[in-house]
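Below is one structure, written out as structure tokens; the observations come after it.
The values are calculated or read from the model by the stated rules, or taken from the named source; none is laboratory data. Keep in mind that this is a model prediction, so the values were computed, not measured. Here the Cβ positions follow ideal geometry from the backbone for every residue, glycine too, while neighbour counts run over all protein chains shown.
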Amino acid sequence: MIIFKINKDDVNKEIQCTLEDSISSLKKTIIKEFNVTCGYIDIDFQLERPIRSLGKFNLESGILPRSLDTYTFDRYGLDGKEVTATFHEVEDYEPKKYGKKFKHVNIMKRRIHNEDNEDNEDNGEPSFDITSENDFPSLG
């Protein structure tokens with residue numbers, strides 16, 4: 001269990017999070033608890049010294065980068081800690097969700113077309129002509 005002590009404009013609240021919660025879930029809880037009108041906030045951690053743990057993300061004083069929003073607290077060394085922070089309202093930012101869909105291209109099965117649009121394939125390996133301007137154009 002992690003306890004976040006959030007203060008903003010002389011209002012102090014404690015928010016408890018588990019290791020399965022993420023930075024974005026903490027931000028949503030802060031928005032709800034403090035009745036923030038905008039849709040996004042930046043968390044500004046106020047630490048006396050950085051929290052470091054071997055093989056985990058470091059947590060340092062200052063605004064946490066937005067790219068770390070999706071990571072859960074088990075990736076930080078925060079278990080059993082009390083963390084003090086405040087937040088800043090952000091008006092013109094909409095968090096983006098990225099999919100994990102990658103297209104795999106197997107170069108060995110890909111057909112190479114030469115100048116005459118004839119298919120070249122020798123035992124499944126692409127063939128290149130070292131003197132060809134199309135295969136290896138000049139850099140100058």
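If the condition is being surrounded by 15 or more Cβ atoms within 10 Å (Cβ to Cβ) and assigned to a strand (DSSP E or B), then region 64-82 contributes 72, 76.
Among the residues of region 28-56, which ones are among the charged types (D, E, K, R) and either part of a loop (DSSP other than H, G, I, E, B) or under 17 Å from residue 9 (Cα atoms) (or both)?
Scanning region 28-56 gives 32, 33, 42, 44, 48, 49, 52, 56.
Residue-wise test of (1) of a type in the set (A, V, I, L, M, F, W, C); (2) surrounded by 10 or more Cβ atoms within 10 Å (Cβ to Cβ); (3) modelled with pLDDT of 80 or more.
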residue	(1), (2), (3)
57	yes, yes, yes
89	no, yes, yes
97	no, no, no
116	no, no, no
124	no, no, no
137	no, no, yes
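Residues that are surrounded by 13 or more Cβ atoms within 10 Å (Cβ to Cβ), within 18 Å of residue 80 (Cβ to Cβ) and not acidic (Asp, Glu) within region 7-21 comprise 15, 17, 19, listed in sequence order. Within region 64-84, residues that are hydrophobic (A, V, I, L, M, F, W, C) reach partners that are surrounded by fewer than 16 Cβ atoms within 10 Å (Cβ to Cβ) with beta carbons closer than 6 Å, at six or more positions or on different chains, in the pairs 73/19.
Kindly evaluate residue 14 against the criterion of being farther than 21 Å from residue 91 by Cβ, over 16 Å from the mean Cα position of the chain (by Cα) and either without any contact (Cβ under 8 Å) to a residue 24 or more places away in the chain or part of a strand (DSSP E or B) (or both). Taking the combined requirement at face value, the residue satisfies it.
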